[in-house]
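Remarks on the structure that follows.
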Amino acid sequence: MKKAKDHLIIALDTSNEEEAMKHILKLKDYTGYFKVGLELFTGIGPKIIKAIKDAGSKVFFDGKFLDIPNTVSKAVSNMVLHKVDMLNVYMSGGTQMISDARAALIDTAKKNNITPPKLLGVTVLTSITSDILQDDLKIKAQLDEYVVHLAELAIKNNMDGIICSPNEAEVVNKLKKEKHKSPEEFLIVTPGVRPAWAKTNDQKRIATPKEAIKNGSTHIVIGRPITGAKDPVDAVKKILDEIEEGIS
């Protein structure tokens, strides 16, 4: 069970501080990280990060930064000072942006004697389909080809990992074994994971926890199937069992 929980990130998708704290205290022993996204961060602010850390858990800050290199670098530095354990930027920001963000992260952590958080690159949102990618965004590459391209860019720029759907985890896992000097250190974090018994909600490219782990995901992000369940602890235990099946 302990090994399985290290692969799980529970998303706190709420704006309500009381609700978030209830989930943190109830579920902290069953997960490796809690995810703080834009809804929670804009609703409560940085104090939720401290609350999670005070509870003895790790924080994945899902801010998906995308802006000019200088702005993203300073935002990343600020998150380092909040002592998050993992954060992300959009790979579509380009080489200069992600390279500068990485440098700012390392420099800020060193100057303040803080353990550097993992810096991940967002590839394509799990709500995006091939039609949306090609028709709305005018990106001609096939979806999995585009994700692989961005994953390779992340490897070249010494990112700690990427975020992609569990459907692309298998091809990214193959890529990192071929291209990364230490493939076991490159993280593949996948939202869009839903147990078979849960609603898909607004996710389009999804897989079960077992499928995601078998495809090569190092961490899976799950929110509403746990936090929205009548018994969140029972739900998370079922998910950990599925992760165990994927590991074995």
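From the C-alpha gyration tensor of the chain, pull out the three semi-axes of the equivalent ellipsoid (sqrt of 5λ each), sorted largest to smallest, in whole Å.
On the way: eigenvalues 129, 107, 59 Å².
Ellipsoid semi-axes (Å, largest first): 25, 23, 17.
What does the C-alpha gyration tensor say about the overall shape of region 109-248? Classify as rounded when a/c is under 1.5, otherwise prolate if a/b is larger than b/c, or oblate. Write out the running numbers ahead of the final one.
Numbers: a/c = 1.70, a/b = 1.19, b/c = 1.43.
Taking the square roots of the gyration eigenvalues as a ≥ b ≥ c, region 109-248 is oblate.
Determine the calculated [θ] at 222 nm for the chain from helices alone, applying -39500 (n - 2.57) to every DSSP H run no shorter than 4 residues and normalising by the residue count; nearest 500 deg cm²/dmol.
Theoretical 222 nm ellipticity from helices: -13500 deg cm²/dmol.
Within 10 Å of each candidate Cβ there may be at most 10 other Cβ atoms; applying that plus a DSSP loop requirement, which trypsin sites (Lys or Arg not before Pro) in region 119-161 survive?
K138, K140
At 37 °C and a viscosity of 0.692 mPa s, what translational diffusion coefficient does Stokes-Einstein give for region 4-132, taking Rh as the Kirkwood radius over Cα pairs? Give it in µm²/s as a whole number. Before the final figure, lay out the partial values.
Working: Rh = 15.2 Å.
Once the numbers are plugged in, D ends up at 215 µm²/s.
In which sequence would D13, D67, D234 go, from the one with the fewest C-beta neighbours within 10 Å to the one with the most?
Fewest to most other Cβ atoms nearby, the residues stand as D234, D67, D13.
Can you pull out the trypsin sites (Lys or Arg not before Pro) in region 38-125 whose DSSP state is coil and whose Cβ has at most 16 other Cβ atoms within 10 Å? Write down the numbers at each step before the final one.
On the way: sites: K47, K50, K53, K58, K64, K74, K83, R102, K110, K111, K118; in loops: K83.
Qualifying residues, ordered by number: K83.
Mind checking the dipole of the chain: about its Cα centre, +1 per Lys or Arg Cβ, -1 per Asp or Glu Cβ, Debye to the nearest 20?
Its charge dipole is roughly 580 debye.
Going by how many other beta carbons lie within 10 Å of each one, how would you line up I239, I226, fewest first? Show your work: numbers first, answer last.
Values: I239 30, I226 27.
Ordered by Cβ neighbours within 10 Å, fewest first: I226, I239.
Using 7 Å Cα-to-Cβ label points, what is the I132/A229 separation (nm, one decimal)?
2.6 nm
What order do you get for L87, L8 when you list them from fewest to most C-beta neighbours inside 10 Å?
Ordered from fewest to most neighbouring Cβ atoms within 10 Å, L87, L8 come out as L8, L87.
Run the numbers on the chain and let me know its relative contact order in percent, using alpha-carbon pairs under 8 Å that are six or more apart.
Details: 472 pairs, mean separation 45.5, N = 248.
So the answer I get is 18 percent.
Provide the net charge surrounding V122, with neighbours chosen by a C-beta distance below 11 Å and charges set as Lys +1, Arg +1, Asp -1, Glu -1. Could you put the intermediate results ahead of the total?
Numbers: positive: K64; negative: D62.
So the environment of V122 carries a net charge of 0.
Note down the relative contact order for region 1-89 as a percent, whole number, built from C-alpha pairs under 8 angstrom at least six residues apart. Don't skip to the answer; put the middle values down first.
Values: 122 pairs, mean separation 23.8, N = 89.
It comes to 27 percent, rounded to a whole number.
FYI, it's all coordinate maths here, none of it is from the lab. Keep in mind the model is a prediction, meaning the values are calculated, not measured. No Cβ is skipped: glycine too gets one built from the backbone with ideal geometry, and neighbour counts run over all protein chains shown.
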